[in-house]
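A.B. asks: Encoded as structure tokens, here's the structure I'll be asking about.
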Amino acid sequence: MLIDFVPDVAGVSLAESSGFLKAPGGAPANVACAISKLGGKSAFIGKFGDDEFGHMLVDILKKNGVDSSGACFDENARTALAFVTLKKNGEREFMFYRNPSADMLLKESELNMGLIKQAKIFHYGSISLITEPCRSSHMAAMKAAKEAGIVLSYDPNVRLPLWPSADAARDGIKSIWNYADVIKVSDDEVEFLTKGDPEKDDVIMSLWHDKLKLLIVTYGEKVKTVDTTGAGDAFVGSFLVSLANNPSIFNDEGKLKEALIFANACGAICTTQKGAIPALPTSADAQALIKSGASK
């Protein structure tokens, strides 16, 4: 979890922006808040700087109904920051400040394993794989969840500026690929990981592995947006709520379609407002959008 600084005027570069809005962000935290806002139960595990921003972020988790007992603080490192530019088409550019930030320094001994083992689903990204000790902590958490029979959900959330190189990102993201039960990737990420055409089924299916229960590909930029920040996380969060409520979804195409329509509605609503967490929808918002779409 980190703080995104978003220009207060859309469609300008970071250099051109005269002011920034402070927005809580970080994909797994967004997902946790999305789940809670939709009436599900979620908890977040991560490390923050023992600074104003770190305490502010943990307060935001609490205010959004997320269990923060897995959060810890580092006295010697700062909370991560990112400057995020909204370009004219609503897409984003990132500039990160983490050298190293507290989230990168999460140690295995600081993991709240009890929290992991009581979950139905353990969701994670790939940014925690970039540096030690966070990478080893990520692997230990994943292993504990797997051994407890928990569903593993992976959204790689490719952020190339954070990796040493594109190849390092590709290798790092794929290094844990075969552990996941559910993987969500965007079409851009399919293209990056496969170096192929994300519109082609055989390219997408090259990402399938034998233990995988579901591979979801999103095509977000086909939508007219104000701000795409958090749209994928709203989608993932709402899908995971449906999955937690009905684990048989993997074997029931009707229920799966219903869950994906609901997830799409949540993702779409999230793009109509700036910032990720403030734009997360309620269940009623999503149902209203689905209803209005069906009546047209």
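A.B. asks: Of all residues being under 20 Å from the mean Cα position of the chain (by Cα) and of a type in the set (F, W, Y) in region 1-52, which is most open to solvent (accessible area, probe 1.4 Å)? Just the residue, please.
C.D. replies: Filtering region 1-52 for residues that are under 20 Å from the mean Cα position of the chain (by Cα) and of a type in the set (F, W, Y), the one most open to solvent (accessible area, probe 1.4 Å) comes out as F5.
A.B. asks: Count, please, the residues in region 264-296 that happen to be farther than 19 Å from G25 by Cα and in contact with a helix residue (DSSP H, G or I) (Cβ under 6 Å, 6 or more places away or on another chain).
C.D. replies: Residues flagged as farther than 19 Å from G25 by Cα and in contact with a helix residue (DSSP H, G or I) (Cβ under 6 Å, 6 or more places away or on another chain) within region 264-296 amount to 5.
A.B. asks: Same structure again: Residues of region 139-167 being touching a residue at least 24 places away in the same chain (Cβ under 8 Å), assigned to a helix (DSSP H, G or I) and either open to solvent by less than 50 Å² (accessible area, probe 1.4 Å) or charged (D, E, K, R) (or both), which ones?
C.D. replies: A140, A141, M142, A144, A145, K146, L162, A166
A.B. asks: Out of (1) touching a residue at least 24 places away in the same chain (Cβ under 8 Å); (2) over 18 Å from Y124 (Cβ atoms); (3) part of a helix (DSSP H, G or I), the odd one out for D59 is which?
C.D. replies: Only one criterion is unmet by D59, namely (1).
A.B. asks: Can you name the residue in region 193-207 that is open to solvent by 100 Å² or more (accessible area, probe 1.4 Å) and in a helix (DSSP H, G or I) and is also nearest to I183 (Cα to Cα) among such residues?
C.D. replies: Among those residues, the one meeting the criterion is M205.
A.B. asks: Has region 102-122 got at least one residue that is in a strand (DSSP E or B) and either open to solvent by 50 Å² or more (accessible area, probe 1.4 Å) or without any contact (Cβ under 8 Å) to a residue 12 or more places away in the chain (or both)?
C.D. replies: no
A.B. asks: What pairs come out if I take residues in region 64-80 that are free of Cβ contacts under 8 Å to residues at least 40 places away in the same chain and assigned to a strand (DSSP E or B) and pair them with residues that are crowded, with 22+ Cβ neighbours inside 10 Å and aromatic (F, W, Y) whose C-beta lies under 6 Å away, six or more apart or interchain?
C.D. replies: So the pair list comes out as F73/F48.
A.B. asks: Same structure again: Within region 124-152, count every residue that is in contact with an Asp or Glu (Cβ under 7 Å, 6 or more places away or on another chain) and under 21 Å from S242 (Cα atoms).
C.D. replies: Count: 3.
A.B. asks: Among the residues of region 83-95, is there at least one that is modelled with pLDDT of 95 or more and touching a Phe, Trp or Tyr at 6+ places or on another chain (Cβ under 6 Å)?
C.D. replies: no
A.B. asks: Can you list the helices (runs of 4 or more DSSP H) lying wholly within region 208-296 that have 3 or more residues being open to solvent by less than 10 Å² (accessible area, probe 1.4 Å)?
C.D. replies: Filter on region 208-296 gives 231-245, 253-270.
A.B. asks: Sticking with this structure for a sec: Kindly list the number of the only condition in (1) of a type in the set (D, E, K, R); (2) modelled with pLDDT under 90; (3) farther than 15 Å from D233 by Cβ that fails for K274.
C.D. replies: Looking at each condition in turn, K274 falls short on (3).
The values are calculated or read from the model by the stated rules, or taken from the named source; none is laboratory data. Quick caveat, the model's predicted, so the values are computed rather than measured. Ideal geometry is used to build each Cβ from the backbone, glycine not excepted, and the neighbour counts take in all protein chains shown. Calculation scope for accessible area: heavy atoms of the full protein, side chains included, ligands and nucleic acids excluded. Shrake-Rupley method; radii C 1.70, N 1.55, O 1.52, S 1.80 Å.
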